Every structure is written in structure tokens, then in C-alpha cells.
Amino acid sequence: TEGLNPPDVTYAIVKQAAAAQPAIVLAVGDMINALSTPEQVRQQWQNWRAAVAPLGQAATTTPWLLPTPGNHDVQSGDWATGLLTEAFPELPANGPPGMDRRAYSVDYGGVRFVSLDSEQRAQMHLLDDAQLAWLETQLRDNPGHAAIVFSHDPAYPVGPHVGSSLDAYPQARDRLWALLKQYGAVYIAGHEHLYNHQVIDGAHQIIAGTSGSFVYGGFGGEFYHYVVGEVSAGAIAFTVYDQNGQERDRFTVP
């Protein structure tokens, strides 16, 4: 939302979610609504990181906080993408060339977490050939086999961003989905300010789209939320909670 600080509901959700003692935290973009000057945006990132810091109390690894770029994080100008990566210096530089700390992978607890950048300013909503080729190697050469892929744009939006998500480039979207299906990976996105879970052609998509900004109405999943994943041998159990800590959905993959 507008301003230097996250909205009040974000602090409430952080307090609830910290009780789960997460080892790894994913943030699926639009963490800030970037203001117009570098000084302001740097302050926004500092304040956002301070707001979510309680989520790392139980973390035993670095990095534990795994963000992926959203359109509002980089909208202010070409310089804004650089400020996003500047704000997260601990992220690995193991992605495709030129995409350090935006597209990257992290292994933890038998799961490979893979961030993809769907918000490159030259071509928003596109996962280009370089990212998809790199993703294929990440999923193919994965010793733990379990994988969670996350990016800002849904592959199959359900609300007002139909046509302005990965579906804007259906061939690239379909290539992504074929890889997720082939390797049994889960896909988590934001962009739409709602909660939604679908199994599409055998692969799971989770839209976890608002823990701060306003909630979209009329599309279902109309509540602030966070998602907790618990890894066990051969499965990941997901539980969805609202801002009051009430369980709203539960499912297991596979």
C-alpha cells in the first residue's frame, strides 16, 4: 500500500505466522508499493524487512527469507529493480545470467525452492527462454526431488489479472506448466489479492495474494491470509490461515 511502512494487517499476520516457527519464508512479490525516489524506496525495503523479521526467529540457515519480484516492487523506474536486489544481499547469485537474486534456487530440508522473475521491466509477465531452460536444470538435477517454484504472476489467474499474468504469453506459460507437471513441483504466486488453490493438469497452483494490501472481491478467497507448508517424507502438507489465525484450507502434495 501507499507509504513507507507496511499496513497494520501485515504486522498482525506476521505475529500469527511467526507462531509456526518457519525455517524458510517465501514472499511472492509486491512487498512494497515502490515510491518515486531511490531514498524512499530504500526506506520502504528497510521498513518491510523490519516488519517481517519476527518470522526468522526459528531460522537456522541463511537465507531464510526468499522474495521474488512483484510489479509494484519495481514499477518506479529502471533503477527500482536494482534496489530490490540491493535490499536482499544474502540471496544467491546462482540464476540465469543477469538475474542474480531475482531468479535463484535455495535447497533446504529436502526441498528445492526456485524463484522466477515474472516482472522484468522490458517484458512484464513473461518467463523467457533463459529462465525456463535454467528452471529445467534446477528441477532435473534436484537431489531432494521435492520442489516449490514461486513467482509473482499466476500461471492461471482467477480474478482481475486474467490476461495480465503468465497467461499473457501462453506458450511460455504452457512450457512452465509442463515442467512443473513432469517434475512434480508446486507453483506459488501472488499478484491477485485473494487466496486460491487449483490442481491444473496434475500440477498444483497456489495464489497467496494478500497479507497487506486490499482484498479483491467477487472471485472467492476473499480474506487476508498466509500459508504454512510442513515437509515430511514424500509429501508437503499445506495449511492456509486467515489474519486471525483461523484455518481456511488444508491439502497435501502429492
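The values are calculated or read from the model by the stated rules, or taken from the named source; none is laboratory data. Since the structure is predicted, the reported quantities are computational estimates derived from the model, not experimental observations. When we count neighbours, we look across all protein chains shown, and the Cβ atoms used for this are built from the backbone with ideal geometry, even at glycine.
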Restricted to the range 120-131, and to residues that are under 19 Å from residue 164 (Cα atoms) and hydrophobic (A, V, I, L, M, F, W, C), which residue is modelled with the lowest pLDDT?
122
Take residue 163 and tell me if it is in a loop (DSSP other than H, G, I, E, B) and touching a residue at least 24 places away in the same chain (Cβ under 8 Å).
no
Can you find a residue in the range 30-46 that is among the basic types (Lys, Arg), at pLDDT 95 or above and either in a loop (DSSP other than H, G, I, E, B) or within 19 Å of the chain's Cα centre (by Cα) (or both)?
no
Exactly one of (1) surrounded by 15 or more Cβ atoms within 10 Å (Cβ to Cβ); (2) within 21 Å of residue 33 (Cβ to Cβ); (3) of a type in the set (A, V, I, L, M) is unmet by residue 106. Its number?
(2)
Determine whether residue 84 is assigned to a helix (DSSP H, G or I) and modelled with pLDDT of 95 or more.
yes
Quick one: how many residues across the range 105-160 are in contact with a strand residue (DSSP E or B) (Cβ under 6 Å, 6 or more places away or on another chain) and part of a strand (DSSP E or B)?
12
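Taking the stated definitions as given, is residue 61 farther than 20 Å from residue 8 by Cα and loosely packed, with under 13 Cβ neighbours inside 10 Å?
For residue 61, the condition - farther than 20 Å from residue 8 by Cα and loosely packed, with under 13 Cβ neighbours inside 10 Å - is met.
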Of the numbered conditions (1) surrounded by fewer than 19 Cβ atoms within 10 Å (Cβ to Cβ); (2) closer than 26 Å to residue 229 by Cβ, residue 87 satisfies every one except a single condition; which is it?
(1)
